Amino acid sequence: MNPEPAGTHRRAGAIALAAALALLLSACAPFPGSSVADMGGTAGSRRSGDPWRHDPQKEARLRREVVTQALAELDRPYRWGAENPRRGFDCSGLIQYAYARVGIHVPRTAHRQYADAARLLYSMNELEPGDLVFFRIDDRISHVGMYIGHDRMIHSPSRGEHVRIERLNKRYWRQRFAGAARYIP
């Protein structure tokens, strides 16, 4: 009998959760089977002339895709400075990776991601899936997660931890919330 390695059930559960959330998010997809490349324009650009910029269906599709990319990395290990599935992720590396997978460039650090966003949000009531949520730890913006809907975020928390989903209404996060940013108009 071959015993399963530690964490196998946890990883399987994370994958099942990611699949369920992706299915839920795709239920509203206007164009099943289409991709970011099918949208026209450059997804990473925030110029007002981009053809997808003011198309709510395309924006919703892009939001679903970036959330799905982040969810695919559930249970990956935290590793400071890491930004890919082979090594793991730190908080901003996970965000940069997920956005890059859908063709949007975001800076590498949480502080720069906040500073360079197309639009800053100051209330959790304004959040849409794919928005970035920022937290002040030690009096500076030093942590970022991605809002995935239903008062939840996905993030890579800290050393010894793994990429996971957490509720934003936890006291710890509410007390440290610094604002949010939108890279998808």
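The values are calculated or read from the model by the stated rules, or taken from the named source; none is laboratory data. Everything quoted here is computed from the prediction, not taken from an experiment. Note that each Cβ is placed from the backbone with ideal geometry, even for glycine, and that neighbours are counted across all protein chains shown.
Test Ile154 against the stated conditions and say whether it is within 22 Å of Gln57 (Cβ to Cβ), crowded, with 22+ Cβ neighbours inside 10 Å and in contact with a helix residue (DSSP H, G or I) (Cβ under 8 Å, 6 or more places away or on another chain). Judged against the criteria, Ile154 is not a match.
The conditions of being basic (Lys, Arg), in contact with a helix residue (DSSP H, G or I) (Cβ under 9 Å, 6 or more places away or on another chain) and buried (at least 20 other Cβ atoms within 10 Å of the Cβ) are met by Arg76. In the set (1) touching a residue at least 24 places away in the same chain (Cβ under 8 Å); (2) surrounded by fewer than 21 Cβ atoms within 10 Å (Cβ to Cβ); (3) under 18 Å from Arg174 (Cβ atoms), Ala118 fails one condition alone, (3).
Criterion first (more than 15 Å from Val106 (Cβ to Cβ), charged (D, E, K, R) and at pLDDT below 95) does Arg46 satisfy it? Criteria not met by Arg46.
Met124 fulfils the conditions (1) within 16 Å of the chain's Cα centre (by Cα); (2) modelled with pLDDT of 95 or more except for a single criterion, (2). Taking the listed residues Gly160, Gly145, Gly179, the one that is surrounded by fewer than 19 Cβ atoms within 10 Å (Cβ to Cβ), in contact (Cβ under 8 Å) with a residue 12 or more places away in the chain, small (Gly, Ala, Ser) and part of a strand (DSSP E or B) is Gly179, with no other qualifying.
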